[in-house]
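The values are calculated or read from the model by the stated rules, or taken from the named source; none is laboratory data. This structure is a prediction, so every number in the text was calculated from the model and none was measured. Glycine also receives a Cβ, built like all others from the backbone with ideal geometry; neighbour counts cover every protein chain displayed. For the accessible areas, the whole protein counts, side chains as well, though only heavy atoms, and no ligand, DNA or RNA atoms are used. Shrake-Rupley method; radii C 1.70, N 1.55, O 1.52, S 1.80 Å.
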Amino acid sequence: MTNNTALVTEKTNTIIKLENVSKVFSNKQEENRVLQNISFDICEGDFIAIVGPSGSGKSTLLNILVGFDTPTFGEVTLHNKKISDLKSKQLTNWRKENLGFVFQSHNLIPVLSVYQNVELPLLLNNVPKSERFTTVLNTLEVVGLKEKFFNRPAQLSGGEEQRVAIARAMVHNPSIIIMDEPTGSLDRKNANHILNTLKIINQKYNTTIVMVTHDVKATEYAKSVIDLDKGSC
Amino acid sequence: MEKLTLILEYIKYKKLRSISIITAISFVILCFLLLQTISHAWELSLENRRDDRVATWNKATYALTLPREYANEINALPGVQKATFANYFEGEDIGNLYNQNMLLNIFAVDSKTYFDVFPETTLNPDELAIWKQTPNGVMVAKRVAKAFNYRVGDIVTIKGKTFPGTWKLKIVGTYESNFKTYADSLFLFSWDYLNSSLQESDPRKNEISWVMSLVENSNSLEIVQEIDNHFRNKSVLTQSMTEKNMLSMYMSGFIGILDVINIIGVFLMLIIGVLLANSMSLKVRERKFEFGVLKTMGFTKQDICSLVLGEVVLLSILASVLGYFISIFFIDFTLGPMIVKNMGNVFPIFEVPLSSAVIAASTVLILTTSFTLIPAYRASQVNITNLLKAVE
Ligand SMILES: Nc1ncnc2c1ncn2[C@@H]1O[C@H](COP(=O)(O)OP(=O)(O)O)[C@@H](O)[C@H]1O
Ligand SMILES: [Mg+2]
């Protein structure tokens with residue numbers, strides 16, 4: 001571990017770097033080793049699928065990737081800065097600019113319209129109003145929901161909701177979009193639609209995508225796969 | 001900015017819930033302001049009563065009279081600086097159609113001494129001099145003159161009730177009392193003029209309703225005793241009391257009620273605080289995913305906190321504004337005029353004090369926000385790690 005630094009050749013476009021990350025959840029009775037010695041780089045344009053059975057630590061890994069959780073051992077680096085060195089304000093700022101996040105469900109703010117939901121990251125990044133309107137509409141067009149911009153989330157189907165969530169995750173042109181089982185609560189047809197959308201986004205806009213899934217079909221869309229079942233990689 | 005939008009959308013989204021919260025708070029504000037108005041009116045009333053002015057009337061009842069000489073005798077007692085006297089005169093202005101149904105507080109007073117005993121009055125000395133020389137002259141309170149549209153020089157035709165007949169009285173001046181009490185709402189003409197018009201056989205000839213005297217402040221209570229003692233062996237006994245004690249006596253039952261209302265007011269406030277906090281707790285639970293999502297977008301804990309608190313602050317402000325307007329409508333425009341009309345001698349003014357409105361609004365704000373601190377804190381602690389698992 002001490003010699004590792006010499007071996008790693010820094011790629012300029014590395015977004016997130018994991019080095020020997022392990023996570024141990026422990027309580028009085030037992031220790032639960034969830035992640036063991038995980039190292040990999042997420043670079044610009046990557047489309048990574050993280051797979052593994054339920055309980056293998058996929059969600060835990062995502063949390064660690066963007067600093068919602070801290071690894072028990074090892075180091076996570078965001079744009080060449082160690083997370084452990086970042087102040088919490090710096091970390092939230094990093095997320096604001098660089099991160100799009102999609103949960104399995106419950107992604108949208110129900111009180112806001114589709115348009116307002118997608119607009120949020122732009123508001124948070126102080127994009128001027130004139131720009132916001134066209135950007136939101138263009139992004140909704142990418143996910144095929146331009147005509148629904150006025151609707152409330154409650155008026156959308158599950159698949160549509162996820163597509164809006166993806167639109168919102170990409171609208172501010174983040175360095176990386178992270179998704180936890182984005183198709184987990186959808187039927188095959190809708191899931192494929194989402195996966196196709198993701199593939200297009202990745203190819204056309206070179207958007208970096210990291211997606212947790214236990215859907216084998218989903219891995220076919222990704223450029224690389226990390227299998228947590230094997231414990232480490 | 002985006003937070004304000006979000007807060008507004010949250011409030012608009014569940015309209016019924018927001019409206020019921022706003023209504024409940026504004027109702028509490030109304031209750032609070034009503035209470036404040038009562039105690040304010042009461043304090044003002046007390047403040048405007050003197051310790052050193054003594055009223056003396058017939059011990060048997062207010063309705064009976066005292067002999068005119070009693071005023072002179074009281075005036076001569078040690079410790080009494082100046083005494084004046086008056087007769088209540090019931091009547092209405094029949095000369096002006098608009099004024100006919102309005103209550104005019106008419107007194108026949110001793111014009112030579114009256115304003116000496118009411119030194120807290122502002123008036124024009126020239127007008128006062130004219131009044132003293134004009135037998136049918138009237139000094140009228142400025143606010144009455146305004147309400148009845150009287151101008152100096154006007155002849156007012158009064159139809160007397162207790163003293164029947166038509167009285168042509170001439171407005172010669174106006175006055176204004178620095179005390180906003182009954183004394184600031186009178187229509188005063190000369191007792192001599194009234195008395196001279198009475199037949200010798202009239203039992204009310206040379207009789208007066210009451211004597212008011214300014215006394216030495218330091219021992220006013222003893223002087224009160226002395227006055228009543230002085231008439232102890234006369235055929236007509238007197239009852240004397242300082243102005244302040246008269247009001248306290250009149251209102252003694254009422255003060256207990258004030259305390260009760262006060263306690264109820266505090267309870268209402270607390271209940272509203274608890275209800276609102278509870279409602280916010282529910283909202284926070286409902287919105288835990290949303291808060292998680294906002295965190296992934298770069299919302300800090302403080303941002304989430306301010307989202308929850310902001311909603312409460314906004315609701316409270318809306319409720320305060322609404323509550324204030326309801327109170328103004330209900331108290332200043334509806335209840336107030338009724339009370340002033342029927343209890344004007346106790347509550348000459350019955351209006352929501354602006355300071356109380358400010359206190360009410362800030363109390364509501366402080367209470368609701370402090371009660372919401374816990375739910376807001378909970379919201380800020382929403383854990384994305386747990387949310388990721390919650391859906392599986
Ligand atoms: N906060 C936590 N405390 C204790 N154990 C946890 C915590 N979060 C996750 N775990 C455990 O870590 C393991 C992996 O969980 P998770 O990352 O959610 O798996 P996956 O997403 O692959 O289904 C599970 O055994 C889970 O019980
Ligand atoms: Mg998971």
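So for segment B:320-392, Kirkwood radius off the Cα pairs, Stokes-Einstein at 4 °C and 1.567 mPa s: how many µm² s⁻¹? Calculated translational D: 82 µm²/s. For peptide A:173-180, the mean count of partner chain Cβ atoms within 10 Å of a residue's Cβ comes to 1. Computed from Cα atoms, the angle from the helix A:114-124 axis to the main principal axis of chain A rounds to 50 degrees. For A:Lys146 paired with B:Lys132, estimate the spin-label separation in nm (one decimal), with each label point 7 Å from Cα along the Cα-to-Cβ line. Computed distance between label sites A:Lys146 and B:Lys132 equals 9.5 nm. Highest-first packing order for the peptide set A:191-198, A:73-80 is A:191-198, A:73-80, based on the mean count of other beta carbon atoms within 10 Å.
The C-alpha atoms of chain A define a longest principal axis, and helix A:158-170 lies at about 70 degrees to it. Eigen-decomposition of the gyration tensor built on the alpha-carbon atoms of the protein assembly as shown gives equivalent ellipsoid semi-axes of 87, 25, 18 angstrom, largest listed first.
Placing a label point 7 Å from the Cα of A:Ser26 along the Cα-to-Cβ direction, the residues of segment A:74-98 whose backbone N falls under 15 Å of that point are A:74.
Taking the chain by itself as reference, segment A:43-86 contains these residues with an accessible-area loss of 10 Å² or more in the full protein complex (1.4 Å probe, heavy atoms): A:Ser54, A:Ser59, A:Asn63, A:Phe68, A:Asp69. In sequence order, segment A:94-106 has phi-based couplings of 4, 4, 3, 8, 10, 10, x, 10, 10, 8, 4, 7, 6 Hz under the Karplus curve 6.51 cos²θ - 1.76 cosθ + 1.60, θ = phi - 60°, and Gly or Pro positions carry x.
What total accessible surface area, summed over both chains, is buried at the interface between chains B and A, computed with a 1.4 Å probe and given in Å² to the nearest 100?
Details: alone 20050 and 12070 Å², together 29600 Å².
In total, chains B and A hide about 2500 Å² from solvent.
In the context of the full protein assembly, B:Asp110 retains an accessible surface of approximately 10 Å², using a probe radius of 1.4 Å and ignoring ligands and nucleic acids. Taking every protein chain into account, the accessible area of segment A:2-227 amounts to 45 square angstrom per residue (probe 1.4 Å). Against the main long axis of the alpha-carbon atoms of chain B, helix B:243-286 sits at an angle near 10°. Counting 0.36 nm for each residue step from B:Asn75 to B:Leu270 and taking away their Cα separation leaves a gain of 64.7 nm.
Debye-formula intensities of segment A:2-227, expressed as log10 I(q)/I(0) at q = 0.08 Å⁻¹, are -0.30 (one equal scatterer per alpha-carbon, no solvent). Largest first, the extents of the alpha carbon coordinates of segment A:129-233 on the three principal axes equal 48, 28, 18 Å. Remark: mean inter-chain Cβ contacts per residue of B:296-307 equal 5, using a 10 Å Cβ-Cβ cutoff to other protein chain atoms.
Just tell me how shielded B:287-294 is by partners: mean number of partner chain Cβ atoms within 10 Å of each residue's Cβ, no decimals.
The mean count of partner-chain Cβ atoms within 10 Å per residue comes to 5.
Taking a ≥ b ≥ c as the square roots of the eigenvalues of the alpha-carbon gyration tensor, chain B is classed prolate because a/c is 1.5 or more and a/b outweighs b/c. Taking label positions 7 Å along the Cα-Cβ direction at both B:Ile317 and B:Leu282, the computed distance is 2.6 nm, reported to one decimal.
Looking at the square roots a ≥ b ≥ c of the eigenvalues of the Cα gyration tensor of segment A:86-181, which shape do they give, rounded for a/c under 1.5, prolate if a/b is larger than b/c, or oblate? Taking the square roots of the gyration eigenvalues as a ≥ b ≥ c, segment A:86-181 is oblate.
Shown are B:His40, A:His172, whose ranking by accessible area with a 1.4 Å probe and every protein chain present, most to least, is B:His40, A:His172.
For the set B:Tyr175, B:Tyr98, solvent exposure ranked by accessible area (probe 1.4 Å, protein chains only) runs largest to smallest as B:Tyr98, B:Tyr175.
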